[in-house]
1. If SER345 passes every condition in (1) assigned to a loop (DSSP other than H, G, I, E, B); (2) assigned by TED's automatic domain parsing to the domain that holds VAL142; (3) more than 20 Å from the chain's Cα centre (by Cα) but one, which one does it miss?
2. Here's a check for you: in region 73-91, which residue that is farther than 23 Å from VAL62 by Cα and of a type in the set (Val, Ile, Thr) is surrounded by the most Cβ atoms within 10 Å (Cβ to Cβ)?
3. Name the single residue, out of those in region 463-494 being charged (D, E, K, R) and either not assigned by TED's automatic domain parsing to the domain that holds GLN601 or not in a helix (DSSP H, G or I) (or both), that is nearest to HIS544 (Cα to Cα).
4. Take GLY452 and tell me if it is under 18 Å from VAL356 (Cα atoms) and of a type in the set (Gly, Ala, Ser).
5. What residue, among those in region 522-534 that are assigned to a loop (DSSP other than H, G, I, E, B) and surrounded by fewer than 17 Cβ atoms within 10 Å (Cβ to Cβ), is modelled with the highest pLDDT?
6. Name the single residue that is surrounded by the most Cβ atoms within 10 Å (Cβ to Cβ) among those in region 92-146 being modelled with pLDDT of 85 or more and of a type in the set (D, E, K, R).
7. Considering each of ALA247, ALA161 in turn, give the residue that is under 19 Å from TYR282 (Cα atoms), in contact with a Ser or Thr (Cβ under 9 Å, 6 or more places away or on another chain) and modelled with pLDDT of 95 or more.
8. So, in region 233-284, how many residues would count as being farther than 21 Å from GLY159 by Cβ and touching a Pro at 6+ places or on another chain (Cβ under 6 Å)?
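The values are calculated or read from the model by the stated rules, or taken from the named source; none is laboratory data. Just so we're clear, the structure is a prediction, and the values are computed from it rather than from any experiment. No Cβ is skipped: glycine too gets one built from the backbone with ideal geometry, and neighbour counts run over all protein chains shown.
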Amino acid sequence: MKNGFIKVAAAAPVIKVCDCDYNADRVIETIEKADKLGVKVLAFPALTLTGVECRDLFRHRVLLDGAEKALAKVVAATKGKDMLVLVGAPVSLGHAVNSAAAVVSDGKLLGFIPQRTQTRQFVGDDGQPSAIDSEQTGFDAVPYSADSIIWCQGLPTLGIAVELGPDADSVWSREAKNARAGATLIVKMADFPQTVYSTRDAELNAKYESRHNTAAVMLAAPGKGESSTDNAYSGLCLVAENGDILAETEGEDSFAVTEIDVEYLENLRRQSGDFDWIDEDYTAIAWNCTPVDTALTRHFNKHPHLPENPADLPAYCERVLDIQVSALVKRMKYANLDHCVVGISGGVDSTLAVMVSAMAVKRMGYPSTNVIACTMPCFGTSSRTKSNAVIVAEQWGCDVRVIDITKSVLQHFDDIGHAHDDYSLAFENAQARERTQVLMDIANKCNGLDVGTEDLSEFIDGWCTYNGDHTSMYDVNMGLTKTQVRANVSHIAATTEDKVLKAALYDVLDCPVTPELLPIHDDMIEQKSEDAVGSYSLQDFFTHHILINGFAPSKVFRLAKAAYGDEFTDEELKRWLTSWCKRLFSQQFKRSCLMDGPAVQAFSVSPRTGFLIPSDGEAALFLADLEKI
């Protein structure tokens, strides 16, 4: 399966209790529907062919014979279909009866996975055989074990475990046992009725279990209106992956279809080191599946470092701000410092840093004037950015200092023999290093801490001057991507009652990202960072999927196309991916000596605890992978 994607579906057709032939037809109709959509794994609820409310009829020969014939009908209907079907049915084992998942593919019954838990009608799997023959079921001899994993021959890391009915409520964690044995997809063929909290509880469980076990979870509950004797049923169907629900439906003929990313789960498990490849005590059921290029229909978040639901963003931003402020307070208290010194430029990074610093000194009980906000205009500073920087700092009550570094930089050019009109790298970097020297010296002078403003995105792409803006005494933005920085500035702008501050913050957000190091004309911002390194939205997307998820650049290209649609051409995506890969390797030397700063997510480029690569590594393999596009 290309890039590890496989299309799956959970289905709960409307059936009739005890009418096995009718129910088989509904299952077959659903199989036909799924086949047209390219579904490779299709799961139904427990006891699909009879209904879950047959009660003592589960022991009756007529119902058991009807279920067996219905299953044979379903098995025959899968002939020629490249799909794994899991359908629930009662299985007669001599004098005992159990609920089981029939594992069906291409006209063959591959095995039964029985219910583990003993109930009034069913014996559970205690002491049952590991295989059953044609005399017991009417089918060829097949495996029969609750501890089974179905292994996909076309996608070797896809292992499928099944849990039936009450097994999901066991005090023992069946999901963890199955996941540790190698199952990356856990199928819950449920039998629970609809209650006021049944959907909420199922969603919470699926999120937790898929996250805790680094797996995909697929659930199918009995169909809408299946019975009304003592319970009602809703037809809840859902698919979750590592804590996120990808698809969910509830109602008549419920059908939740999406793609799960097995490669993603494999990468996460490889990083954790907690998973065995396969448990020898498990029965292996082989399923031959032809590899295909699965069409993607699932949603991919353009901003994976931010919550998908806008309603969750305010609490998320408050949490991030608390991490930044708490970390800065701890560092200042430890070092017995009482001032913050911040270089302000009018960009989003320094704007957030100065506001975090103001929050920190307030929490420590110091006046806001203990934040010394320095704007240091030089050759590339526009009046717009300078004005915004001053307004934001003043509205927070900071001690604002305007320090023009033009004369110092020109003197430095004379000292090193650099022509004043030579706009090469030395021209740009001299300004950045002069600003850092000023900030650190002021910090030493006032018992303060030079608070850095660079963000995670700029450290990854290396868009900073070595020992210039690259360096500080503590960087509060070190763990935030550019999209996270912007989200926090936007959150403060949206929630402040200070109209002057609000207007300035929104203008900061509206300004293009710029290092302001080259001379400007007519007070216009001409040097734009994204012209050189690409959209920061794209860069953060690449960072998430290549470094955190461990995907190849060619796969990330595919995901970016799905996430951004027509926002970027294929040529643009490939160009910026190529640039990102090159800079990831060439700029590592800047990350190898970074200062301390708080991580706000489970990823950083700290040279002590973060993502590490050698400073002289080659990008050749990554660039070669891009040639697959």
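1. Answer for SER345: the failing condition is (2).
2. Among them, the one singled out is VAL85.
3. Applying the first criterion (charged (D, E, K, R)) to region 463-494 yields 469, 475, 482, 486.
Those still in the list that are either not assigned by TED's automatic domain parsing to the domain that holds GLN601 or not in a helix (DSSP H, G or I) (or both) too: 469, 475.
Numbers: ASP469: 24, ASP475: 21 Å.
Residue satisfying both the conditions and the ranking: ASP475.
4. Values: under 18 Å from VAL356 (Cα atoms): yes; of a type in the set (Gly, Ala, Ser): yes.
Taking the combined requirement at face value, the residue satisfies it.
5. Going through the qualifying residues, I end up with LYS528.
6. Here the residue is ARG116.
7. ALA161
8. 2
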